[in-house]
Every structure is written in structure tokens, then in C-alpha cells.
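The values are calculated or read from the model by the stated rules, or taken from the named source; none is laboratory data. Because the structure is a prediction, the values reported are computed rather than measured. Counting neighbours? That spans all protein chains shown, and the Cβs are built from the backbone with ideal geometry, glycine included. Please note that ligands, DNA and RNA were not included when accessible areas were found on the heavy atoms of the full protein model with its side chains. Shrake-Rupley method; radii C 1.70, N 1.55, O 1.52, S 1.80 Å.
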Amino acid sequence: MLLKKAPDLRYSDITPKKLYLRRREFIAGSAALAAGALVSGAKATALFSPGAGGQSTPAAGGPAPRLIIASRDNLAGDEKITPIEDTTGYTNFYEFSTAKRDPTNLARDLRTRPWAVAIEGLVKRPLSFEVDDLLRMFPIEERVYRWRCVEAWSMVIPWDGFPLADFIKKCEPAPQAKFVEFTTLYDPKQMPMQNDRLLQWPYVEGLRLDEAMHPLALLAVGMYGEPLPPQNGAPLRLVVPWKYGFKSIKSVVKVSFVDKMPKTAWSRENPEEYGFYANVNPNVSHPRWSQAKERRMGESGKRPTLMFNGYQDQVESLYAGMNLRKNY
Ligand SMILES: Nc1nc2c(c(=O)[nH]1)N[C@H]1C(S)=C(S)[C@@H](COP(=O)(O)O)O[C@H]1N2
Ligand SMILES: [Mo]
């Protein structure tokens, strides 16, 4: 397993006690919500029965999801968790605004319950389920990840989520499925910038299936032990820590298994600047700026950007033999 436990670093050591306690409320609250899940959700749960993924599925009101301690292996020794005010107050969510401090307020009333997620395409059986059922089906882990946007700022964020791989296994993709495509909610009434031609809405992202199955890829439902705030992609968003932030699509309503490389929002908009892979790479510049350095939120000056955002050992085999300059 790539995320080794570090007995010397506990979540409670790196998190203010208050947040740690709030995290426990979050888990309790999730279970309560799941207990009241909609009928449609209950149907999906039956299809997503325990056993398939080899992991036991906690029942509503049952044992709280286990807490996996974040490993120092994923962080250089001198890196600190970015204060929550920064990571929730400075976001990119173009459905609401292109100004990074605005989604905090503008997304505040996003309705995140009920929230159905559809599974489509090359799967054994298409289905839809409520996000609260996911909270019940998959034990939530806490993982501290380095987070790096293409605009060259970076953060260190403790995400709460479950491995995308576990989710995909339960979807039972067909052998022809080579890519996974994710789609954000399309609802111009709630997301005002979807009335604007800024992007071709809805926002779409994708991963090659083997990338999606990598144990570092997470479906996040929370951060800092609390449910995801709307501006960070509530109620469910992707977190792919070795790629630029734009790959980590927010507020997902559809997961589709396909045999061709998905046309993603940013590559469709500007293919010269934003490729499908978007692996963090200090050696390959963005056409308009270097990617060699980054400004860590809360620090003065810049630090060098690490290959694959510091996850090189874990992920480079996914790209063996590939020209990373061409496949940017
Ligand atoms: N649906 C959607 N997902 C999105 C975006 C967006 O505008 N819409 N912005 C992306 C970009 S550019 C980045 S850097 C990250 C930012 O995530 P954060 O705001 O939670 O740090 O979300 C990504 N996911
Ligand atoms: Mo970004």
C-alpha cells in the first residue's frame, strides 16, 4: 500500500483539537443523513452491496468509518497544513466566479442534498445513487495532500474521502472501458456563470482508467474533518494530487466509463494550454508562464515545484515510455 501509516504523526497532532472533534460530528452526521436516505438511494445501495470490493461496508448508525492517518511520506518534512481559511477562502469554481475569493459567498446556497450521482457508459449496469449512500458504503479516510494549481499557487490540504478505485470497482466497468469521464452539475439557476460562455458547460474532466485506479486518487466528501464547503466542490469532488488542480472536478453528478479520451472542459477551451494529462511537471512550461516554481499559500517567496507534485515515486510508472512534453 502506498499510503503507509506513520505512527509518529496523528491527525490529532496536526489538527487543532476543535476541528478534530468536529470531524467526529461530521461522521456521526453523515450516518444520520444516510439513515434517512431516499428510496432511490436505498435501491442503489442494494446494488452496491458489500462484498464486491472486499471491504466491509459500515451500515447506517454502525461503526464510524475508520480514520487513516495521513502519512508524512506524502509531504516533505517542512510542509505544514494550510490554514482552512485560506483553502476555503481562495478557490477556483468558475460556475460561480472567476475571482478566487468570490465562490465562498456565491456558492453558499448550493443545494447539495438530495444529490444523485449517475454511473453511465461501459458498465455492467447503469445506476444512480444518493451521495449519502456513498458515505455509508465507503469508509472515509483522511489524507493530507500537496495541492498545486496550474496558476502556480499551492496548498497542503487534509482531504476526507474514499479511494476512487474502490468506487470504480463497485461500478464494474466493462473491459472496453479505457477512460473515466466526470461531469459537474449543470444548473444555471444555481450556478450563474453557466449563463456565460466562459466555458462550454457543464465542466467535464477525465482520467485514463489506470490513473483513476491509482490508490492516491480520491473522491473527497470533506476537508479538515468537516463536510466539503460548497466552494470546494460539495458534496463530492475528485482529488488527484499529482495533477494540476483543474483535473480535480467539483460537485460531480455523473461518472461515465468510455473507450475514448474524454473532451475535457479546459482542453476543449484551450488545447494548447491545457492538455488531458495535466501532470504537475516543473520541466514543462505553460505556454504563458513557467511551471518550475510555486507560491505556497501563506509563505513569502517561492519554492521549487516537484515532479508529479512530489508523488513521482508513486505515479511515474503510469507514464512509462510516454513523452510528457507532448502529453502535457
Ligand atoms: N466544476 C469545476 N471544478 C473545478 C473548477 C471549476 O471551475 N469548476 N476549477 C478547477 C481548478 S482550476 C482548480 S485549481 C481546483 C481548485 O480546487 P479548490 O478551489 O478546492 O482548491 O478545482 C478544479 N475543479
Ligand atoms: Mo486551477
(message) Every residue in the range 195-218 that is open to solvent by 30 Å² or more (accessible area, probe 1.4 Å), in contact with a Leu (Cβ under 8 Å, 6 or more places away or on another chain) and among the aliphatic types (A, V, I, L, M), please.
(response) 213
(message) Return the residues of the range 136-158 that are more than 30 Å from residue 260 (Cα to Cα) and either open to solvent by less than 10 Å² (accessible area, probe 1.4 Å) or under 16 Å from the mean Cα position of the chain (by Cα) (or both); say none if nothing qualifies.
(response) 139, 140, 141, 142, 143, 144, 154, 155, 156, 157, 158
(message) So, residue 154, is that one within 16 Å of ligand 2 (Cβ to nearest atom) and in contact with a strand residue (DSSP E or B) (Cβ under 6 Å, 6 or more places away or on another chain) or not?
(response) yes
(message) With the requirement that a residue be open to solvent by 10 Å² or more (accessible area, probe 1.4 Å), out of contact with any Ser or Thr (no Cβ under 7 Å at 6 or more places or on another chain), within 16 Å of ligand 2 (Cβ to nearest atom) and not small (Gly, Ala, Ser), what does the range 226-256 give you?
(response) 244, 246
(request) Output the residue which, of all residues in the range 257-273 that are open to solvent by 10 Å² or more (accessible area, probe 1.4 Å) and outside any loop (DSSP other than H, G, I, E, B), is nearest to residue 109 (Cα to Cα). (result) 266
(request) Look at residue 273 and say whether it is farther than 28 Å from residue 134 by Cα and free of Cβ contacts under 8 Å to residues at least 24 places away in the same chain. (result) yes
(request) Collect the residues in the range 72-117 that are aliphatic (A, V, I, L, M), in a loop (DSSP other than H, G, I, E, B) and at pLDDT 95 or above, keeping them in residue-number order. (result) 99, 107, 110
(request) Determine which member of the set 188, 215 is away from ligand 2 (no atom under 16 Å from the Cβ) and under 15 Å from the mean Cα position of the chain (by Cα). (result) 215
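Out of 217, 212, 177, 234, I need the residue that is more than 13 Å from ligand 1 (Cβ to nearest atom) and closer than 27 Å to residue 86 by Cβ. Which one? Walk me through how you get there before you give the answer.
Numbers: 212 fails: closer than 27 Å to residue 86 by Cβ; 177 fails: closer than 27 Å to residue 86 by Cβ; 234 fails: more than 13 Å from ligand 1 (Cβ to nearest atom).
Exactly one of 217, 212, 177, 234 is more than 13 Å from ligand 1 (Cβ to nearest atom) and closer than 27 Å to residue 86 by Cβ, namely 217.
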